[in-house]
1. How long are the semi-axes of the ellipsoid equivalent to the stretch 351-453, from square roots of 5 times the Cα gyration tensor eigenvalues, in whole Å, largest first?
2. Measure off, as a whole percent, the carbon and sulfur share of the 1.4 Å-probe accessible area of the stretch 20-138, all protein chains present.
3. Given only helices, namely DSSP H runs of n ≥ 4 each adding -39500 (n - 2.57), what is the per-residue ellipticity at 222 nm of the chain, to the nearest 500 deg cm²/dmol?
4. Give the lysines whose C-alpha is closer than 17 Å to that of LYS10, dropping any in the same chain fewer than 8 places away, or say none.
5. For GLY401, which sequence-distant residues (separation of 5 or more, or a different chain) have an amide H within less than 5 Å of its own amide H, given hydrogens modelled in the peptide plane?
6. So what is the accessible area of the chain per residue, in Å², with the probe set to 1.4 Å?
7. For the stretch 379-470, which GluC sites (Glu not before Pro) pass both filters: DSSP loop (anything but H, G, I, E, B) and at most 15 other C-beta atoms within 10 Å?
8. Would you kindly calculate the mean projected area, averaged across all directions, of the convex hull enclosing the Cα atoms of the chain, in square nanometres?
Amino acid sequence: MAQGKDTKEKLPRQAMPEQDPNIRKRNFDEVPTGYTPELAKAEASRCLQCKKPSCVEGCPVSIDIPGFIKYIQEGDFTKAIRKIWEKNSLPAVCGRVCPQEDQCEGSCILAKKGQPVAIGNLERFAADYERNYGSGELPPKKASTGKKVAVVGSGPAGLTVAGDLILKGHEVTVFEAFHKGGGVLVYGIPQFRLPKEIVASELHFLERLGVDIQCNTVVGKTVDVDELFEQGFDAVFIGVGAGLPRFLNVPGENLINIYSANEYLTRANLMKAYLFPEYDTPLAKGKEVVVLGGGNVAMDSARTAMRMGADRVRIVYRRSRDELPARQAEVHHAEEEGIEFYLLTNPTRFIGDDQGWVKGMECIQMELGEPDESGRRRPEPVSGSEFELPCDMVVIAVGSGANPVLTGNTHDLELNKRGYIVADPKTGKTMKKGVWAGGDIVTGAATVILAAGAGRLASDSIHDYLSIGW
Ligand SMILES: Cc1cc2nc3c(=O)[nH]c(=O)nc-3n(C[C@H](O)[C@H](O)[C@H](O)COP(=O)(O)OP(=O)(O)OC[C@H]3O[C@@H](n4cnc5c(N)ncnc54)[C@H](O)[C@@H]3O)c2cc1C
């Protein structure tokens, strides 16, 4: 018998099982372990199948959310994933890391009265089910057009462009600076939040479709954009991300054992320092670690430091808990794992020992004033409130900027005053003929789904260019 609206609303949101915090804080295995088919069907049955679904409006790539959830409810997981693929080629990734609470789930009608449908968990379930039990059947490809596209950067923006254009019959080569593809998905977001096998399987899928992935190629150094055209590429997409670490510029920042989050996480994740000595990457292990910042990058750094064996990990953030930019779920996970939060606190200088190793930080207490240009309340120092915080390792996670390696070596690209590429928000077209750009290198550090969405718009526009002209 079909469930009535009242029954659906009363069924509680089905929690995804998770590893115990006391165990997981010392291992790198994934924290949430995934829905079973029964849990997924129960959660799917909570969806009201709204005629005008506000969740779809909340999704940056407009996935037919009620459509795929209905298939899960009916137990047709194959159709569910195919419905998602119509709009999103990275569902196993997005189901894990999208800020659903601010997007689809934030707009779910059930959120008004209680708990929204766990759309992200269901998306993850459909993708994982297909990866583990699906037929592996490839989607149909259009006949070859003979056109060649170069994609620079293999993050979610570049991978989306590559996947879309190969299906449309174009030849696609992805150039990646690192020795592995995936962008931040492999070098930034840790294994315990996004297992690297999942990113590898997305890359493998593209390779099976015929995408050529050339690693260890720094465009702007190894080869430049104009040379790509000379080599016969008809169009170039730039998706190089925003990987330039920002620092605080306070005294003592160059002491030993002070890392940028970028370096710390790259060593830990991409270069697998957490498996040292099985892998050849040493990584300092602090006993008393301080992480500066309040975003997802700070949470990832703090939780990584805990897993690397720290006795104590503190997050120092200059605003209050309400302004933490990290996802609520990640803050909650960090707290469960014993990460301590020093809020309304800002470092004024780092203190070293006579060998140049960091041994502490001088901090000052902050209070919140009026909102600043970011819309968050401006933190202001409380005079005379300085105090010392002992630590033997610091990770700085206060944001990132545009990396100038490619942009500084490419003629005719227009950059804004912060060094990001100026591109048409509807198409991704830059000022340089035949060149598109999208993702963090256009918007500044944002999210996986926005980068993938920008890739989708650009690939449509590149296809038009290759078929009709500029
Ligand atoms: C630690 C961390 C945690 C995050 N957590 C989340 C999260 O939970 N949810 C979420 O939605 N977002 C999260 N983000 C943000 C998200 O990962 C990014 O917004 C997204 O990856 C941007 O995608 P992109 O394709 O623009 O660039 P990237 O993912 O940055 O990929 C760019 C790629 O280009 C390569 N490259 C750079 N320069 C060159 C060059 N000159 N030649 C060739 N290749 C080059 C880089 O090596 C990289 O592989 C997080 C970011 C970080 C750093």
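1. Values: eigenvalues 302, 79, 29 Å².
Three semi-axes, in Å: 39, 20, 12.
2. Accessible surface attributable to carbon and sulfur in the stretch 20-138 totals 49 percent.
3. Value at 222 nm, helices only, nearest 500: -9000 deg cm²/dmol.
4. Candidates past the 8-residue exclusion: LYS41, LYS112, LYS113.
5. Under 5 Å from the amide H of GLY401 lie the amide H atoms of LEU244, ARG246, each far enough along the sequence or on another chain.
6. 45 Å²
7. Answer by residue number: GLU386, GLU414.
8. Details: hull surface 97.3 nm².
In nm², the orientation-averaged hull projection of the chain is 24.3.
The values are calculated or read from the model by the stated rules, or taken from the named source; none is laboratory data. Remember, it's a predicted structure, so these values are computed and weren't measured experimentally. Please note: Cβ atoms are built from the backbone with ideal geometry, for glycine as well, and neighbour counts cover all protein chains shown. Surface areas here come from the heavy atoms of the whole protein model, side chains and all, with no ligands, DNA or RNA. Shrake-Rupley method; radii C 1.70, N 1.55, O 1.52, S 1.80 Å.
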